[in-house]
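Novice: Pasting a structure here, questions to come.
The values are calculated or read from the model by the stated rules, or taken from the named source; none is laboratory data. All values derive from a computational prediction rather than experimental measurement. Note that we place each Cβ from the backbone using ideal geometry, even for glycine, and neighbour counts take in every protein chain shown.
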């Protein structure tokens, strides 16, 4: 499995200042410590599965800065469908976790599965490591790995969110997660940290000379891309086609494996 940790979470998450930065740092530090073994226990072990999981939990936790929803939970008061049948159950069992667990019935059910008294002590669900485990348990129960294996962001989002709220942010977080994982895989392949001259990891939205170099290499292989230094949709299509043809993960992220495949492809062209 790719060795993910708190640094991986930081690379996906947006930056904050002040109190929010402190809260985010605390959540990432605690959850990151348990990230790899917890994901492994739930078979969230491939690049696509991990990338989608990190992206979705980042969005649902407002950039990993909270494990408890901002609203007071009054909107859930009296919701029998959530098991909120006693006065005060709405606020008491409001959303908590990296994927927000809501309602007395869900707290009871997930608590049994995770061997934690969430119904009796609902604030436990906001503790970062347990919040991570709750998210993984939800992921398993809704078979979200299958959607990840198809790299189907819209289906993953619907399974997590019930709709497509925040889809652009989820798309951006997924791209950042894929790039972070490609960086880690590059280090693994080289047996250590990349040398200073190592190629940058590129993804849709990247710009600059490295993108122009990539586009030039793709044009030399017959792909109809413009060498403009802007990693747009045309470049993404060319990259995914190249990756597919070379037996690589066709994720549109240009990491160490894709960079390494370009020279050999040119030599055999």
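Novice: Out of (1) crowded, with 20+ Cβ neighbours inside 10 Å; (2) assigned by TED's automatic domain parsing to the domain that holds residue 183, the odd one out for residue 21 is which?
Specialist: (1) is the only condition that residue 21 fails.
Novice: Spot the failing condition for residue 32; the list is (1) in contact (Cβ under 8 Å) with a residue 40 or more places away in the chain; (2) under 16 Å from the mean Cα position of the chain (by Cα); (3) at negative phi, and only one is missed.
Specialist: For residue 32, the exception is condition (1).
Novice: With respect to residue 118, is the statement that it is in a loop (DSSP other than H, G, I, E, B) and in contact with a helix residue (DSSP H, G or I) (Cβ under 8 Å, 6 or more places away or on another chain) true?
Specialist: yes
Novice: Just checking, does region 60-76 include any residue being touching a strand residue (DSSP E or B) at 6+ places or on another chain (Cβ under 7 Å), touching a residue at least 24 places away in the same chain (Cβ under 8 Å), part of a loop (DSSP other than H, G, I, E, B) and buried (at least 23 other Cβ atoms within 10 Å of the Cβ)?
Specialist: Yes, because at least one residue in region 60-76 is touching a strand residue (DSSP E or B) at 6+ places or on another chain (Cβ under 7 Å), touching a residue at least 24 places away in the same chain (Cβ under 8 Å), part of a loop (DSSP other than H, G, I, E, B) and buried (at least 23 other Cβ atoms within 10 Å of the Cβ).
Novice: Just to be sure I understand, how many residues within region 26-59 are part of a loop (DSSP other than H, G, I, E, B) and either modelled with pLDDT of 95 or more or within 19 Å of residue 164 (Cβ to Cβ) (or both)? Give the derivation first.
Specialist: Start the filter on region 26-59 by keeping residues that are part of a loop (DSSP other than H, G, I, E, B), which leaves 42-46.
After this cut, where a residue has to be either modelled with pLDDT of 95 or more or within 19 Å of residue 164 (Cβ to Cβ) (or both) as well, the list is 42-45.
Within region 26-59, residues that are part of a loop (DSSP other than H, G, I, E, B) and either modelled with pLDDT of 95 or more or within 19 Å of residue 164 (Cβ to Cβ) (or both) number 4.
Novice: Give the number of residues within region 126-156 that are under 28 Å from residue 200 (Cβ atoms), in contact (Cβ under 8 Å) with a residue 24 or more places away in the chain and surrounded by 15 or more Cβ atoms within 10 Å (Cβ to Cβ).
Specialist: Qualifying residue count, region 126-156: 4.
Novice: Out of all the residues in region 185-205, which are at pLDDT 85 or above and farther than 12 Å from residue 259 by Cα?
Specialist: 204
Novice: Further question on the same structure: Which of the residues belonging to region 4-24 are part of a helix (DSSP H, G or I) and over 17 Å from the mean Cα position of the chain (by Cα)?
Specialist: Once the filter is applied, which keeps residues that are part of a helix (DSSP H, G or I) and over 17 Å from the mean Cα position of the chain (by Cα), region 4-24 yields 18, 19, 20, 21, 22, 23.
Novice: Does residue 107 satisfy the criteria of being touching a strand residue (DSSP E or B) at 6+ places or on another chain (Cβ under 9 Å) and assigned by TED's automatic domain parsing to the domain that holds residue 13?
Specialist: Numbers: touching a strand residue (DSSP E or B) at 6+ places or on another chain (Cβ under 9 Å): yes; assigned by TED's automatic domain parsing to the domain that holds residue 13: no.
So residue 107 fails the test.
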